[in-house]
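Everything on this sheet refers to the single structure shown next.
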Amino acid sequence: MMNIIELENQYTSGLYTKRPIAIVRGKGARLWDAEGKEYIDCVGGQGAANIGHANPAVAAAIAAQAQTLISCPEMFYNDRRALLEQRLCEISGFPRVFLCNSGTEANEAAIKFARLATGKSQIVACMRGFHGRTMGALSATWEKKYREPFEPLVPGFQHVPFNRPEALEEAIRENTAAFVVEIVQGEGGVNPASTEFLIRAEQLCRERGALLIVDEVQTGFGRTGKMFAYQHHPIRPDLVCLAKSIAGGFPMGAVLIGEAVGELPPQVHGSTFGGNPLACAAALASIDYMLAHHLPQRAQELGTWFLQALSQIQSPLIREVRGLGLMAGVELKQKVTPYLQALMQEGVLALPAGLTVMRFLPPLVIEPADLEIVIEVLQRVLREG
Ligand SMILES: *Cc1c(COP(=O)(O)O)cnc(C)c1O
């Protein structure tokens, strides 16, 4: 058999630190490697697999659309795109939507829309925030390791401490175009935003003529127990960035556009692949599946159980357990890499969020019995550590 790992090591960019297994198949919340070993998946495609791997409804929609029409730029209208735009607006209550291909592109578009709509240039983002790796989204991202090699970045960005409402006062000003925030910081360590922080941010944006951009690339589509995580709080964003689980794991991004954004002039932004019928068909099937199977509610119920069970694990290694819905973080007093490796040995895949936080993003269709196994294994791994 060809050696997958050797092949990739020879030809890949080298940008990724990879684990030494080759994943070749999935079903629901289970994955299999090339040697046939089975895993419980709490990586969940880094948040792209909310409806589970190889979801039959989405697979069928993609297959049917692939045989009908794959490419159709937005210079034409399209049946799948029309229905998806309607569906996204129906489930969010937003009046309009822009379609693109990834999370970073959604953030890039939201930043451009905010500058266009306000005629101002300053963007305020949060420390530990993550918004993507293209130059605009990267300028809003906090982590030095991602930013420093690529400076100078886009001018006009600044970062404020997360969850410190008093720090917003000075940062959001008359020349601010937008404040960008995740409702639960994902890459930054699974940190839920406080209601107080979000309300203050919204108030200051309204007062000073700035727009509120919520990055729901990771928290959207049921992950936190609501369709969108901002719905846990009494706020109303002006722009909402979406991607990851929007199309059942198929690459797609979107920006929900609120009334305050006003008219966007034709031609100032766009994307060749944005709104292509294949991605739209996948997204329609995926959203229908989430609604039909009440996945946000399922995430709420399973997540409550899971976070409770995590917080009952007795281990001197654990500093804190936090999360929202089925987005869970376990902060250790030391680096998580060896423990993630031990989990993998035991058939559980999880991911880091920074150096000391273990992050669990299982598909929302995961069986309760599988979550129980995750707890058992974690208990063992953290005890032996
Ligand atoms: C993953 C992520 C992004 C970037 O998405 P890509 O599709 O990798 O470009 C942006 N924001 C948040 C909150 C994310 O979790």
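Please report the relative contact order for the chain, taking Cα pairs under 8 Å with a sequence separation of at least 6, and give it as a percent rounded to a whole number.
Over the chain, the number comes to 22 percent.
Please give the length that would be gained between residue 5 and residue 19 if that part of the chain were fully extended, namely 0.36 nm times their separation in residues minus their C-alpha to C-alpha distance (nm, one decimal).
Net length gain for the segment: 4.1 nm.
Could you tell me what a quarter of the Cα convex hull surface of the stretch 274-324 works out to, in nm² with one decimal place?
With every direction weighted equally, the projected area is 5.5 nm².
Looking at this model, which pairs from 120/226; 37/144; 18/120; 112/335; 18/144; 18/226 are more than 30 angstrom apart at the alpha-carbon?
120/226; 37/144; 18/120; 112/335; 18/226
Quick check on the chain: what does the Kirkwood estimate of hydrodynamic radius come out to from the alpha carbon pairs, in Å?
Hydrodynamic radius (Kirkwood, Cα pairs) of the chain is 21.4 Å.
Enumerate by residue number the chymotrypsin sites (Phe, Trp or Tyr not before Pro) in the stretch 75-156 meeting two conditions: DSSP loop (anything except H, G, I, E, B), and at most 10 other Cβ atoms within 10 Å of the site's Cβ.
Sites meeting the loop and neighbour criteria: 76, 77.
Take the Cβ-Cβ distance between residue 305 and residue 259 as r, set R0 to 35 Å, and report the resulting FRET efficiency rounded to the nearest 0.05.
Taking R0 as 35 Å, the efficiency between residue 305 and residue 259 is 0.35.
Per DSSP H run of n ≥ 4, the term is -39500 (n - 2.57); total these for the chain, divide by its residue number, and report the mean residue ellipticity at 222 nm rounded to 500 deg cm²/dmol.
-11000 deg cm²/dmol
If I build a Gaussian network model for the chain, linking alpha-carbon pairs within less than 10 angstrom, which residue out of 70, 40, 366 has the largest mean-square fluctuation?
Comparing 70, 40, 366 in the GNM, the peak value goes to 70.
Dividing the convex hull volume of the alpha carbon atoms of the stretch 49-90 by its residue count, what do you get in Å³ per residue?
98 Å³
Which whole-number percent is the relative contact order of the stretch 44-142 (Cα, under 8 Å, 6+ apart)?
Worked out over the stretch 44-142, it gives 16 percent.
How far apart, in nanometres, would the label points at residue 175 and residue 66 be if each is projected 7 angstrom from Cα along the Cα-to-Cβ direction?
The answer from the label model is 5.1 nm.
A short reminder: the numbers here are calculations on the coordinates, not readings from a lab. These numbers come from a predicted model, not from an experiment. All Cβ positions, even for glycine, are placed from backbone atoms using ideal geometry, and neighbour counts span all protein chains on display.
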